[in-house]
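Novice: This is the structure I have questions about; it appears just below.
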Amino acid sequence: MDRILLMGYAGVRLVCTLLSLFFATTGGYAQSGVDELKELIKEVDSDTTLSVTVLDAVEVYDVALDGGGAITIYHENGVIRKVVRSLGVSYGRIVLTMYPQDGAPGVAVETEENYVWDEGDSGWDYSELALMYRKVSFIPNDTRPYVEEWGERRLSTPLALNDYTRLLDLAGRYISGKE
């Protein structure tokens, strides 16, 4: 009986060791994917040779926006390197920035900026925006997303992977002339 119990403890120890090795190696792989995507951001943001196409978001989406909007596509030889969708709404601005990797979302940065409430004038100060929320989703091709969030959404709604993909598809149609 003691021998079976001892083997049970040894088995549990072996399983724990194997699980910790598994999580350590897969976590390292995910982090290397995130590091690769961080390098992609630096590379794209520093590339001054990219072509830039700016679309009017009001026309593209056929909606009225209090502060207007733009979809800016940075591309090179038909390949989208970055897309920035900035929507001006009554309370501030909502921005989604995408850095695609191999046609997939790669990195998605969501921000919500709100106008500052001016107590003295009892109204919004439209000359100043304050960052309220920021979410950076690193989406490496072969691993699950890694997300960094700061702040709290006040009025914007959460986006999902299909929202990111739709924006990339839209940008691709405009770059290829199909829109």
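Novice: Calculate the FRET efficiency for Asp56 and Glu148 from the Cβ-Cβ distance with a Förster distance of 35 Å, rounded to the nearest 0.05. Don't skip to the answer; put the middle values down first.
Specialist: Numbers: r = 31 Å, r/R0 = 0.89.
For R0 = 35 Å, the calculated efficiency reads 0.65.
Novice: For a quick check of understanding: with a 1.4 angstrom probe and all protein chains in place, what accessible area in square angstrom does Ser137 have, to the nearest ten?
Specialist: 10
Novice: State the extension gain, in nm to one decimal, for the chain segment bounded by Glu36 and Ala104, taking 0.36 nm per residue of separation less the distance between their alpha-carbons.
Specialist: Fully extending the segment from Glu36 to Ala104 adds 23.1 nm.
Novice: Please pull out the direction-averaged projected area of region 117-179, using the convex hull of its alpha-carbon atoms, in nm² to one decimal place.
Specialist: 7.1
Novice: Could you tell me which trypsin sites (Lys or Arg not before Pro) in region 90-173 are loop residues by DSSP with no more than 15 other beta carbons within 10 angstrom of their beta carbon?
Specialist: Within region 90-173, the qualifying trypsin sites (Lys or Arg not before Pro) (loop, at most 15 other Cβ atoms within 10 Å) are Arg153, Arg154.
Novice: In terms of modelled amide H atoms, which long-range or inter-chain residues lie less than 5 Å from the amide H of Met132?
Specialist: Answer set, sorted by chain and number: Glu112, Glu113, Asn114.
Novice: What FRET efficiency comes out for the pair Asn141/Val63, r = Cβ-Cβ distance, R0 = 45 Å, nearest 0.05? Can you show the working numbers first?
Specialist: Working: r = 33 Å, r/R0 = 0.73.
Computed FRET efficiency for Asn141 and Val63 comes out at 0.85.
The values are calculated or read from the model by the stated rules, or taken from the named source; none is laboratory data. Bear in mind the structure is a predicted one, so any value in this text is a computation, not a measurement. A quick note on method: Cβ atoms are made from the backbone with ideal geometry, for glycine too, and the neighbour counts reach across all protein chains shown. The protein model used for the area step is the full one, side chains on, heavy atoms only, and it has no ligands, DNA or RNA in it. Shrake-Rupley method; radii C 1.70, N 1.55, O 1.52, S 1.80 Å.
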